[in-house]
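Asks: If you scroll down you'll find the structure; I have some questions about it.
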Amino acid sequence: MRAIRALRTLFLALLVSLVPASSFAGVFLSVTIAPPVLPVYVQPVCPGDGYLWTPGYWAYGEAGYYWVPGTWVLAPQPGFLWTPGYWGFGGGFYAWHGGYWGPHVGFYGGVNYGYGYGGVGFYGGRWEGGHFAYNTAVLHVNTTIVHNTYVDRTVIRNTTVVNRTSFNGPNGINARPSGQEQAAMRESHIQPTSEQVSHEHFASTNRGNFASVNGGRPATAAVARPMTSTSAVNHTAMNNNTRPAYNANANSRPASNANANTRPAYNNNVNSAYKAPANNAPHNSEPKVSEPAHQGGGQPHENGGGGEHEHR
């Protein structure tokens, strides 16, 4: 056991030495078991103007993989978009590359998180001056409350391929960063906000979020706002999701190396007064599908559809 730990430590040291300084925070841990597939869930309605969607993901703790529900988060400043984190296989380990904020969406392993994150880029909206405009063909927005909306269905396409894989690499998703994403790796970026960090931490305290307990089907797969100890009851009541999810097979281990690219990074871009939560906190760590031309409309569903959209 000590020998194995020593080898893991040596591998991590080597891996970190290959990561650019601007992306140092990208790799926080590695494990030898593949993460479960992504569960199927309905996106909660956007709570208000300025909130951006951050997809749910499998994090890892002492008791194994646990689900961090997808949620709407205030951007740290106008012009910034969220790049989701992803698991990448390399050197015999699955390494977590954490998410970050920046003026462009970078590489997130080709993972189809849905709701605008189809594996490449983001098609759920765009910044127009100091306000975020939501593409309601992709995101679930109440247009009687949020008026900065538009409909662009050209980014959606139908496919019969079912892919809920949650990691990059052999037996997973074999995607590589594009030239644009590689250029982004040379820029600076901002860490997840304090709300996001608290959200992940709180998810780790709920035993029901662990794959070993829920079999890869978390009861609360998405919430409208980041979870805290004081808001969890309301979140659970509003977002308890009993929709079926794909089987969680956390024991398929690729035998060869995969994409060990770390996340791209971005420069800060402040352009107007804006209320946002504190940021720069450290981050620990959709078949028939309607999806953008680069794989991503709404979240993939087992029986079809590109995510559910409702205007009230």
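Asks: When the Kirkwood radius is taken over all Cα pairs of the range 31-175, what Stokes-Einstein diffusion coefficient follows at 37 °C and 0.692 mPa s, in µm²/s?
Replies: 204 µm²/s
Asks: Under 5 Å between amide hydrogens, which residues at least 5 positions from Thr149 or on another chain qualify, with H placed 1.01 Å from N in the peptide plane?
Replies: Those lying under 5 Å, H to H, from Thr149 are Tyr134.
Asks: I need Ser30, Ser178 ordered by Cβ neighbour count within 10 Å, fewest first.
Replies: Ordered by Cβ neighbours within 10 Å, fewest first: Ser178, Ser30.
Asks: Turning to a different aspect of this structure: Could you give each residue of the range 177-193 its phi-based ³J(HN,Hα) in whole Hz, using Karplus coefficients 6.51, -1.76, 1.60 with θ = phi - 60°, and x for Gly or Pro?
Replies: Couplings: x, 6, x, 5, 5, 5, 5, 5, 5, 8, 9, 8, 8, 10, 5, x, 5 Hz.
Asks: Another question, if that's okay. Each residue of the range 72-80 in turn: what ³J(HN,Hα) in whole Hz from Karplus with 6.51, -1.76, 1.60 and θ = phi - 60°, glycine and Pro shown as x?
Replies: Karplus-based 3J(HN,Hα) across the range 72-80 equals 8, 9, 5, 5, x, 6, x, x, 9 Hz.
Asks: Where does each of Leu38, Leu81 land when they are ranked from fewest to most other beta-carbon atoms within 10 angstrom? Each step should come with its number before you reach the end.
Replies: Values: Leu38 28, Leu81 22.
Final ranking by Cβ density, sparse to dense: Leu81, Leu38.
Asks: What ranking of Thr228, Thr32, Thr193, Thr83 emerges when the number of other C-beta atoms within 10 Å of each C-beta is taken as an exposure proxy, fewest first?
Replies: Values: Thr228 13, Thr32 10, Thr193 24, Thr83 27.
Ordered by Cβ neighbours within 10 Å, fewest first: Thr32, Thr228, Thr193, Thr83.
Asks: Which order do the peptides 219-226, 69-76, 115-122 take when ranked by the mean count of other beta-carbon atoms within 10 Å per residue, highest first?
Replies: Ranking the peptides 219-226, 69-76, 115-122 by packing returns 115-122, 69-76, 219-226.
Asks: Please list 3J(HN,Hα) in residue order for the range 133-139, calculated via the Karplus relation 6.51 cos²θ - 1.76 cosθ + 1.60 where θ = phi - 60°; whole Hz, with x for glycine and proline.
Replies: After applying 6.51 cos²θ - 1.76 cosθ + 1.60, I find 9, 9, 8, 6, 6, 10, 9 Hz.
Asks: Moving on to the next point. Can you list the residues, at least 5 places off or on another chain, whose amide H is less than 5 Å from the amide H of His189, using H built in the peptide plane?
Replies: Hits under the 5 Å cutoff: Tyr266.
Bear in mind these aren't lab numbers, they're just calculated from the coordinates by the rules spelled out. From a predicted model like this one, the values you see are computed outputs, not experimental measurements. Glycine gets a Cβ as well: all are built from the backbone with ideal geometry, and neighbour counts include every protein chain shown.
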